[in-house]
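Everything below concerns the one structure shown next.
The values are calculated or read from the model by the stated rules, or taken from the named source; none is laboratory data. In this text, all values refer to a predicted model and were calculated from it rather than measured experimentally. Don't worry about glycine lacking a Cβ; one is built from the backbone with ideal geometry, like all the others, and counts go over all protein chains shown.
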Ligand code: DNO
């Protein structure tokens, strides 16, 4: 069975470790959120959090994320020191027995949504990515130089109309959500403050001369520095795909399709160079066939995010819960369970395959609780229960047909 995990944001998370235990969670997914990207994670700090989870009968299953500093992605003068620090953090994690590390290589923004409170038909609140709204933000609110050139005419027209209708407050909310609110609780590159838009624009400029090929080269250099340490210490590195899986703000994207991900895996053939298979992120583009992708990537998938999306229009998608949406969750979960059986038969000692219900729809008591965007308690718990039911049935079928 896939291991049931849950993203926990540490002491300030309104969902406590006690709650996790009651919900039947087995492993905790967390990060040292207070340490800025690029700094070494000291053993004592890792142990402190680890012991906290153990006090509640849980354990620290996956690091999400050990963030890759921007300096590594753009190969700044500092990138060697930053990479050395990353390697040291991996050694320290391994010394504490933690073996699964998620990261991403998305420039500047970790993920992007335009609407954080989109009401679905049942009255729940979910998140939406609407490309014309994003274009309006880019062109009319942020005012990025030559932004127009990145959008087709039809989208430009829609963006203009949207921008004309938006009030100043709506514009401010949109910019603040994209740049700060959705990023800050993870490891945002721009913190809040008066000039946050300008600082964001300055960050975007650091990628002015970095195209797709160049960014892949930077990732490849990073992997070849880091994977040997991961391999030697038994750590499985898992790259999280781009969310959404297409270029934004003129920035290069390199982990959006099956070809991208296979290319990344080919940069270093070690099993330690793996994938965090995120069905929600990858389903944000209609030409990604998630069932086929699960099949092609299963043997290097070490961490799994399960959730679903559905299209609202041809230019937008929303988070549609866990089972229903464009992803055939039955097929994906079955492939992953079959992969686990394969690993057991092949004699792998570590056939643990942690998944977490990624994001959730705000429902019921979620409306009277504080939560980070995408991380309400009840909506996620529903997802956890649904996927666990699904995997229980599939794995029973697989056993019966053995
Ligand atoms: C958002 C998440 C991302 C993801 C990181 C992994 O909710 O999907 O923040 O955890 O990109 O590095």
* **Members of segment 356-370 that are out of contact with any helix residue (DSSP H, G or I) (no Cβ under 7 Å at 6 or more places or on another chain) and over 14 Å from residue 323 (Cα atoms)** => 367, 368, 370
* Qualifying residues in segment 177-207 (those that are more than 23 Å from residue 31 (Cβ to Cβ) and either modelled with pLDDT of 95 or more or in a helix (DSSP H, G or I) (or both)) - the one farthest from the ligand (Cβ to nearest atom) -> 198
* Qualifying positions in segment 255-285 - assigned to a loop (DSSP other than H, G, I, E, B) and either under 22 Å from residue 314 (Cβ atoms) or within 14 Å of the ligand (Cβ to nearest atom) (or both) -> 255, 256, 257, 283, 284, 285
* To do: Go over the candidates 149, 135 one by one and state the one that is outside the structural domain of residue 263 (by TED's automatic domain parsing) and crowded, with 21+ Cβ neighbours inside 10 Å.
  => 135
* Unique residue being surrounded by 14 or more Cβ atoms within 10 Å (Cβ to Cβ) and either more than 19 Å from residue 112 (Cα to Cα) or within 16 Å of the ligand (Cβ to nearest atom) (or both) when the list is 155, 166 -> 166
* For residue 57, indicate whether it is in a loop (DSSP other than H, G, I, E, B), touching a helix residue (DSSP H, G or I) at 6+ places or on another chain (Cβ under 8 Å) and under 20 Å from residue 371 (Cβ atoms). => no
* Quick check: is even one residue across segment 57-64 surrounded by fewer than 20 Cβ atoms within 10 Å (Cβ to Cβ), touching a residue at least 60 places away in the same chain (Cβ under 8 Å) and more than 16 Å from the ligand (Cβ to nearest atom)? -> no
* For segment 367-378, how many residues are in a helix (DSSP H, G or I) and either within 13 Å of the ligand (Cβ to nearest atom) or surrounded by fewer than 21 Cβ atoms within 10 Å (Cβ to Cβ) (or both)? -> 3
